[in-house]
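Please treat every number below as a calculation from the coordinates, not as lab data. What you are looking at is a predicted structure, and each value in this text was computed from that prediction instead of being measured. Using ideal geometry, Cβ is built from the backbone for each residue, glycine included, and neighbour counts are taken over all protein chains shown.
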Amino acid sequence: MTDPPRPLMAGNWKMNGLSGDGLALAAELVRRAASAKGEEAPACDLLVCPPASLLWRVAEALSQSPIAAGGQDCHADAEGAHTGDISAEMLKDAGASYAIVGHSERRAGHSETDALVRAKAEAALGAGLCAIICIGETEAQYGAGETLGVIEKQLAGSLPDGPGAAEVVVAYEPVWAIGTGLTPSLDEIAAVHAHIRGILGGASAEGGVMRILYGGSVNPANAAEILGLEEVNGALVGGASLNADDFWTIARSCP
Ligand code: PEP
């Protein structure tokens with residue numbers, strides 16, 4: 001039996017943070033990482049994804065720490081006439097080592113299709129970034145019992161061919177759980193993660209050890225039980241990642 005992958009705790013700051021509060025949050029996480037010794041250190045890799053306006057400065061603030069920086073999205077092209085967009089190369093140049101792609105807020109708010117998410121993931125890989133590919137069902141799909149079918153379709157459409165386990169992370173984020181305080185039951189999370197693992201592991205040996213994160217209203221109170229589930233290899237945390245105490249407590253909940 002293969003060992004489970006080391007978990008990843010990723011904070012998605014979304015469109016939050018100016019230089020004052022954003023850099024103070026990064027500095028506080030660096031301070032905690034530096035003073036956490038032995039068992040006090042979180043048993044996971046740590047990542048924060050600030051808004052693009054702060055990426056360079058946050059990445060610099062984190063550079064001497066074990067905490068990585070990432071972007072929240074990237075364009076599928078490396079450069080060109082795409083006003084307001086940012087390329088994977090630019091994220092890398094600004095100090096990122098990860099890029100989130102296909103977040104439901106991008107899929108819904110910017111009409112992103114699976115094919116576009118896949119193209120963005122390929123761009124991220126091409127730039128040497130690890131792509132965090134988000135998938136998840138809407139409330140209506142959940143209510144209709146379509147979760148597993150939606151997940152299968154999104155995985156088939158959004159994942160590049162043959163990525164290594166160090167290059168891609170899958171984040172299962174039920175859309176209805178994001179920012180709502182609602183979460184699926186533990187059994188439901190476990191069942192979806194097992195299904196995703198089956199698909200990834202069936203596709204390649206690398207897929208058997210690729211990290212699968214859960215995201216959607218993870219907080220200090222529910223983190224331990226969610227992170228303790230089999231095939232949950234960390235979390236993508238939105239709201240709670242804006243508070244150093246909460247993010248640190250969640251990270252320290254990794255078994
Ligand atoms: C997210 O934005 O990816 C997310 C999971 O948000 P929240 O933790 O606030 O539900």
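Hey, got the dipole for the chain? About the Cα centre, +1 on K and R Cβ, -1 on D and E Cβ, debye to the nearest 20?
Taking the Cα centre of the chain as origin, the dipole is about 420 debye.
Once both labels are modelled 7 Å past Cα along the beta-carbon direction, what's the residue 93-residue 6 spacing in nm?
Placing both labels 7 Å along Cα→Cβ, they lie 3.0 nm apart.
Where in the stretch 203-245 does the label zone of residue 152 land, with the point 7 angstrom along Cα→C-beta and an amide N cut-off under 17 Å?
203-204
Relative to the Cα centre, what is the charge dipole magnitude of the stretch 50-99, using +1 at the beta carbon of each Lys and Arg, -1 at the beta carbon of each Asp and Glu, and rounding to the nearest 20 debye?
Here the size comes out at about 240 debye.
With +1 on the Cβ of every Lys and Arg and -1 on the Cβ of every Asp and Glu, and nothing else charged, how large is the dipole of the stretch 1-151 about its Cα centre, in debye rounded to the nearest 20?
360 debye
Quick one: what are the phi-derived ³J(HN,Hα) couplings along the stretch 6-18, Karplus 6.51/-1.76/1.60 with θ = phi - 60°, whole Hz, x for glycine and proline?
5, x, 10, 10, 10, x, 10, 6, 6, 8, 9, x, 10
What are the DSSP H helices in the chain that stretch 20 Å or more along their long axis, judged by alpha-carbon atoms, and whose average Kyte-Doolittle hydropathy comes to at least 0.0?
Answer set is 19-35, 186-203.
Only bridges whose two residues both fall in the chain count here: according to DSSP, what percent of them are antiparallel, nearest 5?
About 0 percent, rounded to the nearest 5.
For the chain, max minus min Cα coordinate along each principal axis, in Å, sorted largest first?
For the chain, the Cα spread along each principal axis is 47, 44, 35 Å.
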